[in-house]
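The values are calculated or read from the model by the stated rules, or taken from the named source; none is laboratory data. Since the structure is predicted, the reported quantities are computational estimates derived from the model, not experimental observations. Quick reminder, even Gly has a Cβ in these numbers, built from the backbone with ideal geometry, and neighbours come from all protein chains shown. For the accessible areas, the whole protein counts, side chains as well, though only heavy atoms, and no ligand, DNA or RNA atoms are used. Shrake-Rupley method; radii C 1.70, N 1.55, O 1.52, S 1.80 Å.
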Amino acid sequence: MQPYEERLTAPRSWWFIAVLTGVALALILLPLGTLPMLGGLIGGAALAAVAVSSYGSVRIRVVGGALVAGDARIPVEALGEPEVLDAEEARAWRTHKADTRAFMLLRGYVPTAVRIEVTDPSDPTPYVYLSTRSPERLAAALKAVRAGQPG
């Protein structure tokens, strides 16, 4: 089995909003002249694009016996069985079922998720919630690593 890797990228509509942010700044600076307007267009769109890219480009990986989600690196031995969540169940775990102590790599634009209990008794985190477009593949990769297969 190949190692699991997924990049959660922002939806196209967010990039369109970044361009609109540049246009809005250009219109605000229009009374100051052409150069400030162009600077506002380019600068505003660039800053908004950086914000979209930094928030929307998180990676989830299963490598070297660990689950790497964003900046977190969790050994697979410290995790229980992964639970695949459909859109409805994922929404419930993002809202009324959520525990404030949980580690949540949450992206609202991704409807499905995986929930994994943390079994390490010294860790106060009850579970890990990961938004993912491929919950079955992520669960299978975690199970394969727990079973001792490479991946």
Item to check | Matching strands (runs of 3 or more DSSP E) fully within the stretch 1-80 where at least 2 residues are open to solvent by 90 Å² or more (accessible area, probe 1.4 Å) | outcome: 4-8
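Right, Val128: in contact (Cβ under 8 Å) with a residue 24 or more places away in the chain, part of a strand (DSSP E or B) and in contact with a Pro (Cβ under 8 Å, 6 or more places away or on another chain) or not?
Details: in contact (Cβ under 8 Å) with a residue 24 or more places away in the chain: yes; part of a strand (DSSP E or B): yes; in contact with a Pro (Cβ under 8 Å, 6 or more places away or on another chain): no.
So Val128 does not fit the description; no.
Would you check if Ala87 is more than 12 Å from the chain's Cα centre (by Cα), exposed (fewer than 12 other Cβ atoms within 10 Å of the Cβ), on the phi < 0 side of the Ramachandran plot and among the hydrophobic types (A, V, I, L, M, F, W, C)? So that I can check it myself, show each step before the final result.
Details: more than 12 Å from the chain's Cα centre (by Cα): yes; exposed (fewer than 12 other Cβ atoms within 10 Å of the Cβ): yes; on the phi < 0 side of the Ramachandran plot: yes; among the hydrophobic types (A, V, I, L, M, F, W, C): yes.
Answer is yes for this residue.
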Checklist entry - Between residues in the stretch 24-53 that are under 21 Å from Arg12 (Cβ atoms) and residues that are modelled with pLDDT under 95 and not in a helix (DSSP H, G or I), which pairs lie under 6 Å by C-beta distance while being six or more apart or on different chains? => result Val52/Ala10
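Given the condition open to solvent by 50 Å² or more (accessible area, probe 1.4 Å) and free of Cβ contacts under 8 Å to residues at least 12 places away in the same chain, answer yes or no: does some residue in the stretch 117-125 qualify? Before the answer, list the steps.
Of the residues in the stretch 117-125, the ones open to solvent by 50 Å² or more (accessible area, probe 1.4 Å) are 117, 119-124.
Cutting the leftovers down to free of Cβ contacts under 8 Å to residues at least 12 places away in the same chain gives us 121-122.
Checking the stretch 117-125: at least one residue is open to solvent by 50 Å² or more (accessible area, probe 1.4 Å) and free of Cβ contacts under 8 Å to residues at least 12 places away in the same chain.
For residues that are open to solvent by 30 Å² or more (accessible area, probe 1.4 Å) and either part of a loop (DSSP other than H, G, I, E, B) or without any contact (Cβ under 8 Å) to a residue 12 or more places away in the chain (or both), tally how many sit in the stretch 92-111.
Here is the first cut: in the stretch 92-111, the residues open to solvent by 30 Å² or more (accessible area, probe 1.4 Å) are 93-101, 103-104, 106-109, 111.
Adding the requirement that they be either part of a loop (DSSP other than H, G, I, E, B) or without any contact (Cβ under 8 Å) to a residue 12 or more places away in the chain (or both) leaves 95-101, 106-109, 111.
Residues flagged as open to solvent by 30 Å² or more (accessible area, probe 1.4 Å) and either part of a loop (DSSP other than H, G, I, E, B) or without any contact (Cβ under 8 Å) to a residue 12 or more places away in the chain (or both) within the stretch 92-111 amount to 12.
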Item to check | Count of residues meeting criterion [free of Cβ contacts under 8 Å to residues at least 60 places away in the same chain, among the aliphatic types (A, V, I, L, M) and over 15 Å from Val128 (Cα atoms)] in the stretch 54-85 | outcome: 1
